Amino acid sequence: MQRPLLLNGCSTSAKSLVGASVARTTGRPFVDLDASRDVASVSEQSAGMRYGAEERSLETVLGPWRSGSSPAPVVALRSDTLVVRSTRLVALDEAVVVTLDVAPAPGSAEALATELRSPGYAEAHARVAVAGRETGSVCSDVLRVWERDPIVVAAAERSYTVDIGAHSVGSRLSDALGSPSMVLLVSDSNVEPLHGAAVRQAIEAAGHHCVSVTLPAGEEHKNLDTMRGIWEQALVARADRRSVFVGLGGGVVTDVTGFAAAAWMRGVRWVALPTTLLGMVDASVGGKTAVDLLSAKNAVGAFWQPHAVVCDVSLLVTEPQRGYTGALAEVVKTGLIGDPVLLDLLESRAGDVRAHDARLVSELVRRSLRVKARVVSLDECESGHRATLNLGHTVGHALEAEAGYTGLSHGEAVSLGLVAVLRIGQKQGWTPAPVVERTIALLGALGLPVALDRGALGRAVALIAHDKKRAGKTVKLAVVREAGQVALVPVPVDDLCAWCVDLTR
Ligand code: GLY
């Protein structure tokens, strides 16, 4: 329980009562921001501190914890503390937020206020029902969420959590599935023999009928024929609107499963169980689902957020080394976008990273996903800021395509794409030279390619230029300003091509 616990909900949701009880059980300080007088008496009896009306802001309670002068507290929020979304996103990033759900009396002023605030209440790490329950039982549910310490992607009623841990599929899957009519477990011919039986067993142990669909492995099968196969098997299995699809595998499997779920019966819930590092740090989170059409990657798809994501890092032991190493390029990218400490960690422990140190890998996944969740929560459908996640991908995708999607893995192409955009950024005066040199050295230390092949880059430039029809005359290029800080710069495609050609000289 490293992060503060914030209890949210309307004024009749017993936040103060539950908060005081959780604080007593855990020995943590209790802060009661709730203005209600009757609950204030409860908080006065608790071991923690009380705040006056003038001090009742989120900053006041997070500040002492941030500075290390207070352990992570339990906080009963006022019913309107997290109404402003920017404040709520800070809370969701820095703390564990649990909404205590209760339905106020119909027609009451509280009912109207609760309805207006409901999108805010939905954006939480968990919602716990309160009505008709003993305080002790509510506290146990709240405590379990706090101990799990998941990451949350905020998307109003479609918000969901990402759990990171070892050997966690068995314990997390039951909650993640909810109460479906049946489960369609989608995997591929590489992953099914390794993990299919254990996951199927966990689904059945949770009391659900499970039907498995095994796809042929490989990016070349990420197409509409595969989709049709999944839907036909869903039909035979009588999957209905209450079914849940589970994607067990790497990025191809989760992309395909998510899209199959998005269109099945006009949209059913799906859960991602990524088995590769790339799947964990990027593909399975954020709701981008798609298949390829002819040579166009991800041409047909939908933004369709998963209902839950479970990153069980113990599944990574079966991942081939090349895929694991490639995914580290996405981890470096994420550090450049929003977490300089992640870069320090990769640098200082590059040997342990390469040796798959399990605790360290969990930390890398957690830090990467925290950045990704922050970005996706701000801009779910990539109308702006989310494009920063494409750092290194414009040139990277072109290099990947130039190599026929077999010569370079996605991660290797992203590594080279990062090198290209860093060098371009340096020449254009956007990226400081020390950041460029440090990042390229880090990519190399992690075993990723950093040497730009002149011929390949020249041919890739032709692909970028050719793509101009689709992208328009200008691209928004994600460039690095500082470690942990990126910007989107509008750049004429012709200029970008010329700068890439420059790199080949
Ligand atoms: N992989 C980039 C994104 O999810 O937006």
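The values are calculated or read from the model by the stated rules, or taken from the named source; none is laboratory data. Just so we're clear, the structure is a prediction, and the values are computed from it rather than from any experiment. FYI the Cβ positions are ideal-geometry reconstructions off the backbone, even for glycines, and counts take in every protein chain you see. Accessible surface areas use protein heavy atoms only, side chains included; no ligands, DNA or RNA. Shrake-Rupley method; radii C 1.70, N 1.55, O 1.52, S 1.80 Å.
Under 8 Å by Cβ, and 6 or more places apart or on different chains, what pairs join a residue from segment 383-399 that is near the ligand (Cβ under 8 Å from one of its atoms) with one that is of a type in the set (A, V, I, L, M) and part of a helix (DSSP H, G or I)? Note: pairs meeting the criteria are 386/375; 386/376; 386/378; 389/337; 389/375; 393/414. Residue-level analysis places residue 272 outside the set of residues that are within 18 Å of residue 223 (Cα to Cα), under 18 Å from the mean Cα position of the chain (by Cα) and at pLDDT 95 or above. Considering 81, 99, the condition of being surrounded by 14 or more Cβ atoms within 10 Å (Cβ to Cβ), outside any helix (DSSP H, G or I) and touching a strand residue (DSSP E or B) at 6+ places or on another chain (Cβ under 7 Å) is satisfied by 99 alone.
Is it the case that some residue within segment 215-233 is at pLDDT 95 or above, within 16 Å of the ligand (Cβ to nearest atom) and of a type outside the set (D, E, K, R)? So far as segment 215-233 goes, no, none of its residues is at pLDDT 95 or above, within 16 Å of the ligand (Cβ to nearest atom) and of a type outside the set (D, E, K, R). Among residues of segment 164-176 that are within 21 Å of residue 305 (Cα to Cα), those with a Cβ under 6 angstrom from a residue that is open to solvent by 50 Å² or more (accessible area, probe 1.4 Å), sequence gap 6+ or separate chain, pair up as 164/366. For segment 233-274, name all the residues that are among the polar types (S, T, N, Q) and open to solvent by 10 Å² or more (accessible area, probe 1.4 Å). Result: 233, single match. Scanning segment 281-306 for residues that are more than 16 Å from the ligand (Cβ to nearest atom), of a type outside the set (Val, Ile, Thr) and open to solvent by 40 Å² or more (accessible area, probe 1.4 Å) gives 293, 294, 295. Residue count for segment 420-438 satisfying the condition of being part of a helix (DSSP H, G or I) and touching a helix residue (DSSP H, G or I) at 6+ places or on another chain (Cβ under 6 Å): 7. Give the number of residues within segment 242-280 that are more than 16 Å from the ligand (Cβ to nearest atom) and in a helix (DSSP H, G or I). Of the residues in that region, 6 qualify.
Quick one: count up the residues across segment 194-210 that are touching a Ser or Thr at 6+ places or on another chain (Cβ under 9 Å), more than 15 Å from residue 168 (Cβ to Cβ) and either modelled with pLDDT under 95 or open to solvent by 20 Å² or more (accessible area, probe 1.4 Å) (or both).
To start, the set of residues in segment 194-210 that are touching a Ser or Thr at 6+ places or on another chain (Cβ under 9 Å) comprises 194-196, 199-200, 202-203, 205-209.
From the residues that got through so far, the ones that are more than 15 Å from residue 168 (Cβ to Cβ) too are 194, 196, 200, 207-209.
Next, from what is left, pick out any that are either modelled with pLDDT under 95 or open to solvent by 20 Å² or more (accessible area, probe 1.4 Å) (or both): 194, 200, 207-209.
Total satisfying the criteria: 5.
Filter segment 18-35 down to the residues that are outside any helix (DSSP H, G or I) and of a type in the set (A, V, I, L, M), then identify the one that is surrounded by the most Cβ atoms within 10 Å (Cβ to Cβ). If you could, list the steps in order and put the result at the bottom.
As a first pass, look at segment 18-35 and keep what is outside any helix (DSSP H, G or I): 27-35.
Imposing the further condition that a residue be of a type in the set (A, V, I, L, M) reduces the set to 31, 33, 35.
Working: 31: 29, 33: 25, 35: 13.
Of everything passing the filter in segment 18-35, 31 is surrounded by the most Cβ atoms within 10 Å (Cβ to Cβ).
Among the residues examined, residue 11 does not qualify as at pLDDT below 90, under 28 Å from the mean Cα position of the chain (by Cα) and either under 24 Å from residue 118 (Cα atoms) or open to solvent by less than 10 Å² (accessible area, probe 1.4 Å) (or both).
Please indicate, with yes or no, whether at least one residue in segment 341-360 is within 16 Å of the ligand (Cβ to nearest atom) and either within 24 Å of residue 92 (Cβ to Cβ) or not hydroxyl-bearing (Ser, Thr, Tyr) (or both). Checked segment 341-360: no residue is within 16 Å of the ligand (Cβ to nearest atom) and either within 24 Å of residue 92 (Cβ to Cβ) or not hydroxyl-bearing (Ser, Thr, Tyr) (or both).
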